[in-house]
Amino acid sequence: MTSQLIENIKIALKSIKGHLLRTSITVSIIAIGIAALVGILTAIDSIDYALSDNFSMMGANTFTIQDEGRGARSREDRKKDNPKIKYNEAVEFKNRFNYPSITSISYRATGTGTVKYQSKKTNPNVSILGIDENYLKVSGYEIEFGRNINHHDLSLNSNVVLIGQDIYEQLFNSSPKAIGKIISVNNKRLTIIGVLSEKGSSMSMGGDRSCMVPISYLRNNLSFNPSVAISIMANSNYEIDATIGAATSLFRSIRRLNPKQEHNFSITKSDSLAKSLMENLKYVTSAATLIGFITLLGAAIALMNIMLVSVTERTKEIGTRKAIGATSNTIRQQFLVEAIVICQMGGILGIILGILIGNITSIMMNSAFVIPWTWLGAGVILCLFVGLVSGLYPAIKASKLDPIEALRHE
């Protein structure tokens, strides 16, 4: 049995070599189908990894109190019209919350701000945020050079600013002399005191297109959304639930809610949005799988057509083999093996291309190199299945040829 299989593989490779152009086209079609499937799924794995990595940088032990939930709310929660969190409420919470943790208050004035320095000007896509001295630590930012906003800046309403990497590169060409320069942020003159390290934009959060000013200055000088966000970083992941409980109790007290009233604010863990986004990736995975299967269906039809043409072209060869003792089963196996070999060649090429294409996304997102082992095995099995399905009918047709009629075929 083994020797017969080896012989059939040799015959298959000889046939493939004899019709190289036709076989190459079929192999390419199969490779495209597998590459589409493996490539998209590898890219999704890269995105998944990047999401986890980016949100872990924010701290899995961080949560936010705000008037609205972000991504993790139920349908009932979306219907609630919670009162906005006032600046005074946020300050009172920060001053009174003595549970072991770090508390920060902030708000986002706009996401369409512009920054100008001399003749250079950014696009109107800059986020302008009002922050306190703890915001960078709680939100996972780091300063590349310069200093952070401090208590002195907050108490004096200082017109100082921290800028993100995109703004720094665009306006100052990465010159370290940016510190101390005066820029115009939405027509307000601010002095740069620090440049933030690259945050990355893989999640479209715009961390590198941000300007951060003291929350007290923003409150008094720029138009802003009056709803303040309160972010709390627990000492460890194990203390997150206890810290949420203490924060909830205090903020209910500040908002003067009686025990029977529901919360009129939302608490969102830093990893809730990541989980929500990863959940939505399942739909993308399903769509990618469907696209891959449709492409493979086209490849299977093309392969079946080529195998049928091959049967017609090799009718005399089949007749000769039958005349010298080859059984119908042997002929059937020969054509099945040939179809499977072609499919596996396309599958291997597709897997290599898919991994390379998928990891281009990984490189662009500064994520880890991903090898989807599960899908590699699935790709090999899928190609085996496609080969069997595509080659079965031509193989049966070849095995049923009458040897006498086949020998007479021209």
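Checked against (1) over 14 Å from residue 214 (Cβ atoms); (2) surrounded by 13 or more Cβ atoms within 10 Å (Cβ to Cβ), residue 174 passes all but condition (2). So in the stretch 49-100, with the set limited to residues that are polar (S, T, N, Q) and part of a helix (DSSP H, G or I), which one is modelled with the highest pLDDT? Restricting to residues being polar (S, T, N, Q) and part of a helix (DSSP H, G or I), the top hit is 95. Flag: residue 351 matches the condition of being closer than 16 Å to residue 28 by Cβ and at pLDDT 80 or above. For the stretch 101-141, the set of residues classified as among the aliphatic types (A, V, I, L, M) and either open to solvent by less than 30 Å² (accessible area, probe 1.4 Å) or modelled with pLDDT under 90 (or both) consists of 105, 109, 115, 126, 128, 129, 131, 136, 138, listed by residue number. Somewhere in the stretch 144-154, is a residue over 18 Å from residue 128 (Cβ atoms), among the hydrophobic types (A, V, I, L, M, F, W, C) and within 35 Å of the chain's Cα centre (by Cα)? Scanning the stretch 144-154 turns up at least one residue that is over 18 Å from residue 128 (Cβ atoms), among the hydrophobic types (A, V, I, L, M, F, W, C) and within 35 Å of the chain's Cα centre (by Cα). Where residues in the stretch 16-28 are out of contact with any Leu (no Cβ under 8 Å at 6 or more places or on another chain) and hydrophobic (A, V, I, L, M, F, W, C), which of them is most open to solvent (accessible area, probe 1.4 Å)? Per the criteria, the residue is 21.
Which residue out of 215, 193 is in contact (Cβ under 8 Å) with a residue 60 or more places away in the chain and open to solvent by less than 30 Å² (accessible area, probe 1.4 Å)? It is 215.
Taking the criterion of being of a type in the set (Gly, Ala, Ser) and assigned to a helix (DSSP H, G or I), the residues of the stretch 134-171 that qualify are 139, 155.
Say we look at the stretch 196-207 and pick out the residues that are open to solvent by less than 10 Å² (accessible area, probe 1.4 Å) and outside any strand (DSSP E or B); which of these is modelled with the highest pLDDT? The selected residue is 207.
Note on the stretch 358-410: residues that are modelled with pLDDT under 75, under 30 Å from residue 314 (Cβ atoms) and open to solvent by 60 Å² or more (accessible area, probe 1.4 Å) total 7.
Listed conditions (1) hydrophobic (A, V, I, L, M, F, W, C); (2) assigned to a helix (DSSP H, G or I); (3) open to solvent by 20 Å² or more (accessible area, probe 1.4 Å) are all met by residue 267, apart from (2). Which residue out of 235, 258, 186 is at positive phi, open to solvent by 20 Å² or more (accessible area, probe 1.4 Å) and at pLDDT below 90? Answer to the selection: 186.
The values are calculated or read from the model by the stated rules, or taken from the named source; none is laboratory data. Predicted, not measured: the structure shown is a model, and the values here were computed from it. FYI the Cβ positions are ideal-geometry reconstructions off the backbone, even for glycines, and counts take in every protein chain you see. For accessibility, only protein heavy atoms count, side chains too; no ligands or nucleic acids. Shrake-Rupley method; radii C 1.70, N 1.55, O 1.52, S 1.80 Å.
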